[in-house]
1. From L320, L302, L346, L327, which residue is modelled with pLDDT under 50 and among the hydrophobic types (A, V, I, L, M, F, W, C)?
2. So, in region 265-289, exactly how many residues are over 23 Å from H240 (Cα atoms) and either surrounded by 24 or more Cβ atoms within 10 Å (Cβ to Cβ) or within 16 Å of ligand 1 (Cβ to nearest atom) (or both)?
3. Taking region 164-181, which residues are among the β-branched types (V, I, T), within 17 Å of S275 (Cβ to Cβ) and part of a loop (DSSP other than H, G, I, E, B)?
4. List every residue pair whose Cβ atoms lie under 7 Å apart, where the two residues are 6 or more positions apart in sequence or sit on different chains, the first residue falls within region 243-268 and is in contact (Cβ under 8 Å) with a residue 24 or more places away in the chain and among the polar types (S, T, N, Q), and the second residue, located anywhere, is within 11 Å of ligand 1 (Cβ to nearest atom) and outside any loop (DSSP other than H, G, I, E, B).
5. Going residue by residue through region 134-146, is there one that turns out to be surrounded by fewer than 17 Cβ atoms within 10 Å (Cβ to Cβ) and over 27 Å from D23 (Cβ atoms)?
6. Starting from residues that are near ligand 2 (Cβ under 9 Å from one of its atoms) and part of a strand (DSSP E or B), keep the ones in region 231-252 and report whichever is nearest to N95 (Cα to Cα).
7. Got at least one residue in region 213-230 being out of contact with any Ser or Thr (no Cβ under 6 Å at 6 or more places or on another chain), under 30 Å from P54 (Cα atoms) and assigned to a helix (DSSP H, G or I)?
8. So which residues in region 199-212 are among the polar types (S, T, N, Q) and part of a strand (DSSP E or B)?
Amino acid sequence: MVVPSPSPIRTKKTKAVGIPTIDLSNYNRSKLSEQIVEACEEYGFFKVVNHGIPKEVIERMEAQGADFFAKPAMEKQRAGPACPFGYGCKNIGRNGDMGELEYLLLQTDPLSVSERSNAISNEPTKFNCAVNDYTEAVKELACEILDLVGEGLWVSDKSVFSRFIRDVQSDSILRLNHYPAVKDPSPKQQLHPYGNNNRIGFGEHSDPQILTILRSNNVGGLQISLHDGLWVPVPPDPNHFFVMVGDALQALTNGRLVSVRHRALANSVMKPRMSMVYFGAPPLNAWMSPLPEMVSPEKPSLYKPFTWGDYKKAAYTTRLGDSRLDLFKINNNNHTCNDQIPCPCLDNLVQ
Ligand SMILES: C=C1C[C@]23C[C@@]1(O)CC[C@H]2[C@@]12CC[C@H](O)[C@@](C)(C(=O)O1)[C@H]2[C@@H]3C(=O)O
Ligand SMILES: O=C(O)CCC(=O)C(=O)O
Ligand SMILES: [Fe+2]
């Protein structure tokens with residue numbers, strides 16, 4: 001298989017050529033770690049091929065998601081509202097963001113999954129099993145990638161990143177997004193399914209966690225934003241995974257790796273888009289301060305020390321498109337992690 005080099009997106013003259021692609025079966029580990037770091041530094045985004053996750057594990061998860069979203073609205077509401085976990089429709093978060101989607105948000109620890117399964121599925125054991133197997137597999141993939149990041153950055157403790165999400169107290173979550181197909185497309189929409197008509201499914205944002213592992217069906221919609229503000233459509237690829245650097249990894253690496261701004265359009269006419277997104281997160285009490293190796297007199301710390309709990313609390317009081325990391329920048333007077341806008345749901349989020 002021909003895999004493009006890790007930096008094929010070219011933006012001069014607005015031409016998208018390709019997405020950085022990492023072949024995990026590459027036996028040259030130091031080359032692999034270099035390529036991953038390069039993609040994370042430049043885009044905070046890449047595609048992974050030869051990831052090793054069995055097709056059957058992906059298909060069972062996808063089938064459970066499809067079964068759930070095919071249910072009548074009343075039944076789906078039994079799994080909601082998503083405050084913060086459960087079923088949500090059109091509302092994203094609690095600060096007024098909306099999108100053309102419905103979704104299921106789940107904590108990934110097996111106890112929470114099993115407690116929720118009855119409200120989600122008529123076959124709770126099957127659902128439970130599918131979610132546990134899928135999250136275990138994508139967690140391992142995320143850890144392997146994070147270990148390669150550690151190697152590529154030459155940090156002394158190569159497992160420093162993966163340890164956060166392997167922790168039993170890890171706050172990782174799984175999100176299933178379902179973007180219904182456009183019912184009565186205008187002629188313009190029919191002409192430009194990926195063009196000017198931007199029906200927003202999931203608005204522009206960066207993911208707050210450490211690392212995101214995203215897989216979708218073969219319906220497009222995901223776009224990433226490049227430094228020059230250009231939106232680059234990511235062609236869907238159900239056999240492979242997309243990886244995104246989250247804000248927490250940007251902070252831990254003192255801004256060397258960048259969290260990617262992205263969004264999902266919901267312009268598909270024929271078929272709904274479904275994405276399954278794992279967000280690898282640390283425990284709430286883990287400090288996200290830049291690693292000592294990432295700080296030097298020439299590169300002083302960009303961020304005030306904060307725990308994942310502080311960051312999460314701040315994230316849930318911001319709008320989807322806000323740049324949350326800015327709140328924690330040194331010399332930024334807007335630092336707000338101890339005086340949040342009161343929200344009745346916050347106590348459920350951060351114990
Ligand atoms: C508007 C919001 C939704 C979100 C929490 C937030 O206040 C800001 C971050 C959003 C986000 C984006 C990535 C994930 O999909 C998510 C679950 C997360 O951790 O941060 C969502 C939050 C959400 O939908 O609750
Ligand atoms: O559905 C997608 O492709 C993007 C979803 C996303 O960005 C998210 O769930 O945070
Ligand atoms: Fe996202």
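The values are calculated or read from the model by the stated rules, or taken from the named source; none is laboratory data. It should be emphasised that the depicted structure is a prediction, and the values quoted were computed from it without experimental measurement. Ideal geometry is used to build each Cβ from the backbone, glycine not excepted, and the neighbour counts take in all protein chains shown.
1. L346
2. Of the residues in region 265-289, 5 are over 23 Å from H240 (Cα atoms) and either surrounded by 24 or more Cβ atoms within 10 Å (Cβ to Cβ) or within 16 Å of ligand 1 (Cβ to nearest atom) (or both).
3. none
4. S259/D247
5. no
6. The qualifying residue nearest to N95 (Cα to Cα) is M244.
7. Taking every residue of region 213-230 in turn, none turns out to be out of contact with any Ser or Thr (no Cβ under 6 Å at 6 or more places or on another chain), under 30 Å from P54 (Cα atoms) and assigned to a helix (DSSP H, G or I).
8. T212
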